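Accompanying notes for the structure given below.
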Amino acid sequence: MRIVHIAAEAFPWAKVGGLADAVTGLVRALAAEGHEVLLLIPGYRSVPLASDRFERWPEALYDRLAFQPLRAFVWSLRQEGPFRLWVIDIPEYFDRSGIYADPQRGEYWDDMVRYVALGRMALRALEARRWVPDVLHLHDWHAAPAVAWLRYGTGVFPTLEAVPIVLTVHNLAYQGIFSRDLWPWLNLPDRFFHPEAFEFYGRINLLKAALLAADAVTTVSPSYAEEIQTPEYGHGLDGVLRRLRGKLVGILNGIDTDVWDPARDPYLPASYDARDLTGKRLCKAHLLQALGLTIPVEAPLCGMISRLTYQKGIDILLGAVPWIVEQGAGLVVQGTGEAVYAEGLRQAVRSFPGRVVHVDRYDEAMAHQIEAGADIYLMPSRFEPCGLNQMYSLRYGTVPVVRAVGGLRDTVLDVRTHPEEGTGFCFEPPTTEALVATLRDAFDFYKSPDLWHTFMRRGMAQDFSWRRAARHYIDLYERIVRR
């Protein structure tokens, strides 16, 4: 089967969060199953196009958006790999200091135009090389504009109009909502600006239009597929999604078990596996020393790697910090984000030196070392479409404490209610009090090393590989192609 993916991120070329890992993990797994897979991403400054790893097509691609000329170069990844990569290089839109935002000035004002241009020129590239897939798979609102000229303004890309479309919603909170004034950039007649297409309370909603037009819609966990059909988690689209129940399915994301493997992780000072956990204690001792944490190696160490946002429940965690420290435990948080939460973490570090550390950056090596060195991994998310770090943690023998929501509910089984199968701890209300009550139980279990090691080994035995997820996607592709 020929499968094309269009996405705003892909590891290692462009990564802001879990989207990059999810996209690359899926395309690799599909290719490993014997399918011909092509991935198209934007030509951000982070993509090393000037290196000898990429080859530029001899011809440029030309088009117009809102009567403005549009030119794109396309670069192919030279090296042989499991899948093909094409980079859509539009320098005026993507050769910038950040992916979604300028580090100093914030979000880009022209994001709709940027990703409309990506979708338009990605389709132009497919037509130019006559690369007609069996399935077109779009990821989040950034790729959603591609439906505009395949399902609404037809006749623009005639060779691609019959291709079935799958849309994956990685996070419904981000929908691509923009002012009606930007409508001309879609090159569509005004009749498509209505509630059964792009119109959303007087504005443009790119994701909504793609949801309505796609042949199948997936989310990144079964629980999240159900949750987004409710007002609490639907972000204004729950009514639309309830209408789409027949084509909406939740497929749990996987993780790259080659990259995330404590038995052969190059970022770790010692390797280990479920049969011999000795190396994990060495990883913890190394992390404590590297970060200047003064707790004994026997004390519980809590870790968290996250964007600092309201969604991730950083305020819930901040309220629990004094209690965590009172128990003799330590805490390390890695991540950047909203200023109010970054300042809250800085204040916690000042209040509890040697007990609390904030790694105020994203560092891949440090992320692996935190996963290996921590005893408990915290995810007090208000909503979590899938989550990857709880799966990394389980694989690394780091017992997760999570809020029972979305993909966290689907991947972590509470040891208190399932003593023979449990792998972690779950709590329901999004409050500091609920987190503290659950951590109290976790710390009590931690005092029994044999039992704690049982939880660790159960987690390490779980199969969260992308191979499992890819087979669910292949079944879906085959169904919509037959239909």
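The values are calculated or read from the model by the stated rules, or taken from the named source; none is laboratory data. Please read these numbers as outputs of a predicted model, since none were measured by experiment. Glycine also receives a Cβ, built like all others from the backbone with ideal geometry; neighbour counts cover every protein chain displayed.
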Contact list, first residue from the stretch 44-65 and under 21 Å from I99 (Cβ atoms), second anywhere and in a loop (DSSP other than H, G, I, E, B) and among the β-branched types (V, I, T), beta-carbon distance below 9 Å, six or more apart or interchain, is Y44/I99; R45/I99; S46/I99; F54/V47
Listed by first then second residue, the pairs whose first member lies in the stretch 222-238 and is not assigned by TED's automatic domain parsing to the domain that holds R203, whose partner is in a helix (DSSP H, G or I) and crowded, with 17+ Cβ neighbours inside 10 Å, with beta carbons under 9 Å and at least 6 positions apart or on separate chains, are none
Output yes when any residue across the stretch 278-293 is touching a helix residue (DSSP H, G or I) at 6+ places or on another chain (Cβ under 7 Å), part of a loop (DSSP other than H, G, I, E, B) and not basic (K, R), and no when none is. no
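Residue-wise test of (1) over 21 Å from F445 (Cα atoms); (2) in contact with a strand residue (DSSP E or B) (Cβ under 6 Å, 6 or more places away or on another chain).
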{"site": "R307", "(1), (2)": "yes, yes"}
{"site": "L331", "(1), (2)": "no, yes"}
{"site": "Q334", "(1), (2)": "yes, yes"}
{"site": "A374", "(1), (2)": "no, yes"}
{"site": "E384", "(1), (2)": "yes, no"}
{"site": "R395", "(1), (2)": "no, no"}
{"site": "V412", "(1), (2)": "no, yes"}
Please pick out the residue among Y392, Y377, Y362, Y396 that is hydroxyl-bearing (S, T, Y) and more than 30 Å from V249 (Cα to Cα). Y362
Looking at (1) free of Cβ contacts under 8 Å to residues at least 12 places away in the same chain; (2) under 21 Å from the mean Cα position of the chain (by Cα); (3) under 24 Å from F54 (Cβ atoms), which is the one condition that is false for W86? (1)
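Yes/no per residue for (1) in contact (Cβ under 8 Å) with a residue 40 or more places away in the chain; (2) under 18 Å from the mean Cα position of the chain (by Cα); (3) assigned to a loop (DSSP other than H, G, I, E, B):
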residue: R361; (1), (2), (3): no, yes, yes
residue: A365; (1), (2), (3): yes, no, no
residue: H368; (1), (2), (3): yes, yes, no
residue: A372; (1), (2), (3): yes, no, no
residue: G387; (1), (2), (3): yes, yes, yes
residue: Q390; (1), (2), (3): no, yes, no
residue: G397; (1), (2), (3): yes, no, yes
residue: G407; (1), (2), (3): yes, yes, no
residue: D410; (1), (2), (3): yes, yes, no
Does V415 satisfy the criteria of being within 18 Å of the chain's Cα centre (by Cα) and in the same structural domain as V325 (by TED's automatic domain parsing)? no
Going residue by residue through the stretch 25-42, is there one that turns out to be among the charged types (D, E, K, R), farther than 16 Å from W466 by Cβ and modelled with pLDDT under 95? no
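Just to verify a result, which residue in the stretch 275-314, among those that are under 16 Å from V357 (Cα atoms) and among the charged types (D, E, K, R), is surrounded by the most Cβ atoms within 10 Å (Cβ to Cβ)?
Of the stretch 275-314, the ones under 16 Å from V357 (Cα atoms) are 284-297, 299-308, 314.
Subsequent filtering for residues that are among the charged types (D, E, K, R) retains 284, 307.
Details: K284: 23, R307: 16.
Top of the filtered list is K284.
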Which residue is surrounded by the most Cβ atoms within 10 Å (Cβ to Cβ), if the candidates are limited to the stretch 206-263 and must be farther than 20 Å from H142 by Cα and basic (K, R)? K247
How many of the residues in the stretch 315-327 are of a type in the set (V, I, T) and either at pLDDT below 95 or crowded, with 24+ Cβ neighbours inside 10 Å (or both)? 1
Name every residue in the stretch 226-265 that is in contact with a strand residue (DSSP E or B) (Cβ under 9 Å, 6 or more places away or on another chain) and part of a loop (DSSP other than H, G, I, E, B), in order of residue number. I228, Q229, G236, L237, L244, I251, G254, D256, T257
Identity of the residue in the stretch 200-225, in a loop (DSSP other than H, G, I, E, B) and touching a Pro at 6+ places or on another chain (Cβ under 6 Å), that ends up nearest to L167 (Cα to Cα): D215
Read through the list (1) under 21 Å from R64 (Cα atoms); (2) among the β-branched types (V, I, T); (3) surrounded by fewer than 19 Cβ atoms within 10 Å (Cβ to Cβ); (4) touching a residue at least 12 places away in the same chain (Cβ under 8 Å), then give the number of the only condition that V132 fails. (1)
For the structure I just gave you, tell me whether Y152 is under 28 Å from the mean Cα position of the chain (by Cα) and either assigned by TED's automatic domain parsing to the domain that holds F383 or under 28 Å from E107 (Cβ atoms) (or both). no
